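Undergrad: I'd like to ask some things about the structure below.
The values are calculated or read from the model by the stated rules, or taken from the named source; none is laboratory data. On a predicted model such as this, the values are computed, not experimentally measured, just so you know. When we count neighbours, we look across all protein chains shown, and the Cβ atoms used for this are built from the backbone with ideal geometry, even at glycine. All accessible areas refer to the heavy atoms of the entire protein, side chains included, with ligands and DNA or RNA removed. Shrake-Rupley method; radii C 1.70, N 1.55, O 1.52, S 1.80 Å.
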Amino acid sequence: MIISMILVSALITFGLRALPFLIFKDGKKMPDKLMYLGKILPSAIMAVLIVYCLKGVITSFNYSELLAAIVVFITYKWKHNTMLSILLGTLCNMLLIHLF
């Protein structure tokens with residue numbers, strides 16, 4: 001039963017990933033609305049995720065998460081290295097949680 005559920009999920013995921021290539025093959029041009037969504041959605045999704053992750057920071061007075069997010073932002077803007085910024089942000093959050 002579990003194997004069949006995993007296989008069905010894998011087939012649906014693969015199908016959804018392959019669908020744009022099947023629809024827009026042979027040089028078909030994507031509609032302008034889809035091109036616009038492709039440009040704007042990644043930033044919008046990241047903004048929603050940031051708001052969701054930091055929604056309880058102000059009300060719970062847990063500023064370690066906010067400081068860690070600021071460290072991630074500054075490190076990424078400084079070095080443009082995702083792994084370094086995530087590592088330093090996680091380290092900052094863990095230190096602040098355990099020290100205070």
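Undergrad: Only Cα pairs within less than 10 Å get springs; with that Gaussian network setup on the chain, which residue of Pro42, Pro31, Pro20 has the largest fluctuation?
TA: It is Pro20.
Undergrad: In segment 1-53, what percent of the accessible surface is made up of carbon and sulfur (1.4 Å probe, ligands and nucleic acids excluded)? Don't jump to the answer; show the numbers that get you there.
TA: Values: 4060 of 5140 Å².
Ligands and nucleic acids excluded, carbon and sulfur reach 79 percent.
Undergrad: Counting alpha carbon pairs within less than 8 Å and at least 6 residues apart, what relative contact order, in whole percent, applies to the chain?
TA: Relative contact order for the chain comes out at 17 percent.
Undergrad: With unit charges on the beta carbon (Lys/Arg positive, Asp/Glu negative), name the residue among Phe73, Ile12, Leu99 whose Cα is farthest towards the positive pole of the charge dipole of the chain.
TA: Positive-end residue among those listed: Ile12.
Undergrad: Continuing with the same structure: Using only the alpha-carbon atoms of segment 42-100 as identical scatterers, what base-10 log of I(q)/I(0) does the Debye formula give at q = 0.25 Å⁻¹?
TA: -1.07
Undergrad: Leaving out ligands, DNA and RNA but keeping every protein chain, what accessible area does Cys53 have, in Å² rounded to the nearest 10, with a 1.4 Å probe?
TA: Probe radius 1.4 Å; accessible area of Cys53 about 90 Å².
Undergrad: Where is the GNM fluctuation largest for the chain (alpha-carbon springs, 10 angstrom cutoff): Thr59, Thr82, Thr13?
TA: Thr13
Undergrad: If you split all Cα-Cα distances of the chain into 10 Å bins from zero, what percentages do you get per bin, shortest first?
TA: With 10 Å bins starting at 0, P(r) equals 13, 25, 22, 26, 13, 2.
Undergrad: Based on DSSP H runs of at least 4 residues, each adding -39500 (n - 2.57), what is the mean residue ellipticity at 222 nm of the chain after dividing by all its residues, to the nearest 500 deg cm²/dmol?
TA: Calculated mean residue ellipticity at 222 nm is -27500 deg cm²/dmol.
Undergrad: On to the next question. So what is the accessible area of segment 30-100 per residue, in Å², with the probe set to 1.4 Å?
TA: Accessible area per residue: 83 Å².
Undergrad: A follow-up question, please. Based on Cβ point charges of +1 for Lys and Arg and -1 for Asp and Glu, what charge dipole magnitude is obtained for the chain about its Cα centre, in debye rounded to the nearest 20?
TA: Computed charge dipole of the chain: roughly 360 debye.
Undergrad: Which longest run of the chain has no exposed loop site in it, a site being trypsin sites (Lys or Arg not before Pro) in a DSSP loop with at most 11 other beta carbons within 10 Å, and the site itself not part of the run?
TA: 56-100
Undergrad: Here's a follow-up. So how tilted is helix 82-99 from the main axis of the chain? Cα-based, degrees 0 to 90, rounded to 10.
TA: 40
Undergrad: Something else about it: If you look for lysine pairs in the chain that are eight or more places apart or on different chains, how many of them have Cα atoms under 22 Å apart?
TA: Counting lysine pairs in the chain gives 5.
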